[in-house]
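I have placed the structure first, in the form of structure tokens, so that the comments after it can refer back to it.
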Amino acid sequence: MNYSAWARWYDIAYSTVSSDDVDFYTALAKEIGSPVLEIGTGTGRISLPIAQAGIDIVGIDQFEPMLDVARRKLADLGATPGGLELLNADMRTLDLQRKFNFVFAPARVLLLALTPEDQLQTLRSMATHTEPDGRVAFNFFVPNEDMIHGPQGFPYVYQGIAHPVTGNRVLFWVVDRWEPDAQTNHGLHIFEELNETGETVGKTTIDVAIRYIYPTEAIVMIEDAGMVVEEAYGDFDRSPLTEESSEQIYICRPA
């Protein structure tokens, strides 16, 4: 993935979806308490609200362009009630030599590890950094068989987005390319900026690759990582995970 381009468009892309995950993880951080570790902090979309809620948090990300955006946003905010430390680190090989009360990986971050081995190693890293009575949480979508095995390459578009700097209209196109045998999706995220006359004045295409995880596989991975599932939700309203759920959200503790 081109993270320099993704850093410029990340917050615009996430403006198209609900902020329920921000509220969910902020509430958990307040319930469990400092210190908190976020895996894949990106542009600070969740870590900044947690710091503003008075919780001390460390956010790690492997990609400096994402962290640069988070640092600028933090500087714009000024002092926050809780501290926010932003570090460049790989979630698979993380070794901060400290433990946290709450460790979480939001926004389907775990799926960016493209092999089951790397996904398991990431979970082990999270468990290693968690206090014995602490908690680990993460979420990703429930694979939809109709979507995965259906027609490929048909785009869907998010409209009604305004560029925060230029004010131009932005079309956000997503094209999925599922590979069921490998449990991967090599998708395209396309951002097209239009001026007041409807003329295209800029277009950015970003390749996004993930490896998706089924709920049964997730449970095995969690156990292999040395954790126990305490709660499994199917939405950020904390409703139970069922066969009809579109999201899988796990809250775990070290075994």
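Rule-based calculations on the coordinates, nothing more; no lab input. Owing to the predicted nature of the structure, the values given are computational and were not obtained by experimental measurement. Neighbour counts run over all protein chains shown; Cβ positions are idealised from the backbone, glycine included.
List of remarks:
- Computed over the chain, the P(r) tail beyond 27 angstrom holds 38 percent of alpha carbon pairs.
- Sites VAL229 and ASP11 - FRET efficiency at Förster radius 30 Å, r taken between beta-carbons, to 0.05: 0.45
- All other residues whose Cβ lies under 14 angstrom from that of VAL220 are scored, Lys and Arg at +1 and Asp and Glu at -1, for a net of -3.
- GNM top mover of THR166, THR16, THR204 - the chain, alpha-carbon springs below 10 Å: THR166
- Candidates ILE60, ILE50, ILE161, ranked by Gaussian network fluctuation over the chain, Cα under 10 Å, top entry: ILE161
- Cα-centre dipole for the chain with unit charges at Cβ (Lys and Arg positive, Asp and Glu negative), debye to 20: 700 debye
- Note on SER4 and THR93: with the Förster distance fixed at 30 Å, the Cβ-Cβ geometry gives a FRET efficiency of about 0.85.
- Here's the picture: charge each Lys and Arg Cβ at +1 and each Asp and Glu Cβ at -1 in region 1-151, and of PHE140, GLY42, PRO151 the one pushed furthest to the positive end of that dipole is GLY42.
- Computed lengthening from ILE148 to ALA53, 0.36 nm per intervening residue step minus Cα-Cα distance: 30.3 nm
- Using a Gaussian network model of the chain in which every pair of alpha carbons under 10 angstrom is joined by a spring, one finds that among GLN152, GLN183, GLN119 the greatest mean-square fluctuation is at GLN152.
- Net charge contributed by nearby residues that have their C-beta within less than 15 Å of SER47 (K/R +1, D/E -1): -4
- Distance between the modelled labels on VAL157 and ILE219, one decimal in nanometres: 4.3 nm (7 Å Cα→Cβ projection).
- Shape call, region 36-169: gyration tensor on alpha carbons, a/c limit 1.5: oblate
- Cα gyration tensor, region 103-212 - rounded (a/c under 1.5), prolate or oblate: oblate
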